[in-house]
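Participant: Here it is: the structure, laid out below.
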Amino acid sequence: MLLVALFGTVSDAGCRDPQAKMVETQIVARGVKDERVLQVMREVPRHLFVPPDQVSEAYADHPLSIGSGQTISQPYVVAFMSEQLRLTGTERVLEIGTGSGYQAAVLSRLAGKVFSIEIRPELAAEATERLKAIGATNVRIRTADGFYGWPEEAPFDAILVTAAPEKIPAPLLAQLATGGRMVIPVGGFYQELKVIERTPEGLRERSVLPVRFVPFVGEAERHRADESPR
Ligand code: SAH
């Protein structure tokens with residue numbers, strides 16, 4: 001009896017469980033290899049982070065609206081960005097743009113501690129509730145303009161930004177530890193996902209994926225790419 005039940009679960013996993021299917025067809029198929037990231041993407045209940053009327057779309061291959069004109073990123077993008085950070089389980093991570101809290105939930109199972117900043121108080125409040133509900137006790141959320149980072153908790157081993165500025169905010173770069181990595185979408189209508197590493201010799205930057213995120217609002221809008229530095 002037990003064996004039959006067990007085999008049933010295993011062989012059905014790929015076709016019946018939408019979350020397992022999401023990981024195989026959207027994430028593994030596109031080249032994400034970090035086993036810890038894949039496992040976390042199989043576990044974190046994404047349907048608890050989307051509005052009730054969108055639950056049926058929770059594991060679909062696109063971003064979803066979470067209200068206030070904001071979005072929860074496509075599952076593949078969440079997995080890809082998380083993999084780029086190369087987390088091992090002990091890191092202190094700063095996220096800018098808590099939104100639904102889903103990316104923070106994923107990071108909470110990949111790193112030691114997560115600090116996440118959201119500029120819209122209503123989103124920060126909802127995300128705090130959701131993270132409490134799934135028992136993510138190593139995440140702290142603050143309502144603030146993420147342009148300034150979280151200086152009291154800096155430096156961070158990893159920084160993940162999920163809203164796009166035209167220019168990387170200087171305070172965020174300053175809060176990246178040596179040996180640390182930042183993943184950030186940069187641009188206006190056209191954006192590039194950039195990975196920035198702080199090595200003992202200095203900053204190394206490369207573009208890894210064309211992306212489309214909501215704009216990084218607040219102070220960053222006064223530091224546009226087309227303005228001279230001040
Ligand atoms: N990581 C989120 C997706 C976020 S969408 C998730 O997993 O659901 C981008 C978020 O960035 C939005 O919630 C938006 O309000 C927020 N945001 C935009 N500009 C910001 C700023 N200056 N500081 C903090 N958050 C910001």
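Participant: At 1.4 Å probe size, put 113, 194, 21, 33 in order of accessible surface, largest to smallest.
Facilitator: Details: 113 75, 194 35, 21 100, 33 155 Å².
Listed by decreasing accessible area, they come as 33, 21, 113, 194.
Participant: Treating cross-link reach as a plain straight distance, find the lysines whose alpha-carbon is under 26 Å from the alpha-carbon of residue 21, omitting any fewer than eight places away in the same chain.
Facilitator: 33
Participant: Quick one: pull the percent of accessible area on the chain belonging to carbon and sulfur, 1.4 Å probe, ligands and nucleic acids left out.
Facilitator: That share works out to 56 percent.
Participant: Considering amide H positions built from the backbone, and no H for Pro or chain starts, which residues 5 or more places from residue 96, or on another chain, come under 5 Å of its amide H?
Facilitator: 117, 160, 161, 162
Participant: Which residues' amide hydrogens lie under 5 Å from the amide hydrogen of residue 140, considering only partners 5 or more residues apart or on another chain, with H built in the peptide plane?
Facilitator: 114, 115, 116
Participant: Another question, if that's okay. Suppose only helical runs count, i.e. DSSP H with n ≥ 4. What mean residue ellipticity at 222 nm does that imply for the chain under -39500 (n - 2.57) per run, divided by all residues and rounded to the nearest 500 deg cm²/dmol?
Facilitator: Calculated at 222 nm, the ellipticity per residue is -8000 deg cm²/dmol.
Participant: Let me ask something else about it. Under a plain spin-label model, where a point goes 7 Å from the Cα along Cα-to-Cβ, how far apart in nm are residue 142 and residue 190?
Facilitator: Roughly 3.6 nm, to one decimal.
Participant: Can you pull out the GluC sites (Glu not before Pro) in region 145-220 that DSSP calls coil and that have at most 16 other Cβ atoms within 10 Å? If you can, show how the numbers build up before the last one.
Facilitator: Working: sites: 152, 153, 166, 192, 197, 201, 205, 219; in loops: 166, 201.
Qualifying residues, ordered by number: 201.
Participant: Considering all projection directions equally, how large on average is the shadow of the alpha-carbon convex hull of the chain, in square nanometres?
Facilitator: 13.8
Participant: Ok, one more. With a 1.4 Å probe and every protein chain left in place, work out the accessible area per residue of the chain in Å², rounded to a whole number.
Facilitator: On a per-residue basis, the chain sits at 49 Å².
Participant: What residues qualify as long-range amide H neighbours of residue 211, i.e. H under 5 Å apart, gap of 5 or more or another chain, H built at 1.01 Å from N?
Facilitator: It is 191, 192, 193, by chain and number.
Participant: Same structure, new question: Could you derive backbone 3J(HN,Hα) for region 169-181 from the dihedral phi with the Karplus parameters 6.51, -1.76 and 1.60 (θ = phi - 60°), listing whole Hz in sequence and x where the residue is Gly or Pro?
Facilitator: x, 4, x, 5, 4, 5, 8, 8, 5, 5, x, x, 10
Participant: Expressed as a whole number of Å, what is the distance separating the alpha-carbon centroids of region 40-88 and region 126-154?
Facilitator: Result: 17 Å between the Cα centres.
Participant: Moving on. Give me a comma-separated list of calculated 3J(HN,Hα) values for region 55-64, in order, Karplus coefficients 6.51, -1.76, 1.60 applied at θ = phi - 60°, integers in Hz, x for any Gly or Pro.
Facilitator: Computed from phi, the couplings for region 55-64 are 4, 5, 9, 4, 9, 7, 7, 7, x, 10 Hz.
Participant: Right, next: Please list, in order along region 201-217, the HN-Hα scalar couplings obtained from phi with the Karplus expression 6.51 cos²θ - 1.76 cosθ + 1.60 (θ = phi - 60°), rounded to whole Hz, x for Gly and Pro.
Facilitator: The phi angles translate into 8, x, 8, 10, 10, 9, 8, 10, 6, x, 9, 9, 10, 5, x, 7, 8 Hz.
Participant: Next question, about the same structure. Please give the solvent-accessible surface of residue 143 in Å², to the nearest 10, using a probe radius of 1.4 Å with every protein chain present.
Facilitator: Residue 143 exposes around 80 Å² with every protein chain in place.
Participant: A further question follows. Looking at region 97-176, which chymotrypsin sites (Phe, Trp or Tyr not before Pro) are DSSP coil and have at most 10 other C-beta atoms within 10 Å of their C-beta?
Facilitator: Those that pass, being in a loop and sparsely packed, number zero.
The values are calculated or read from the model by the stated rules, or taken from the named source; none is laboratory data. Fair warning: this is a prediction, and the values are worked out from it, not measured in the lab. In this analysis, Cβ positions are derived from the backbone assuming ideal geometry, glycine residues included, and neighbour counts consider all displayed protein chains. Accessible surface areas use protein heavy atoms only, side chains included; no ligands, DNA or RNA. Shrake-Rupley method; radii C 1.70, N 1.55, O 1.52, S 1.80 Å.
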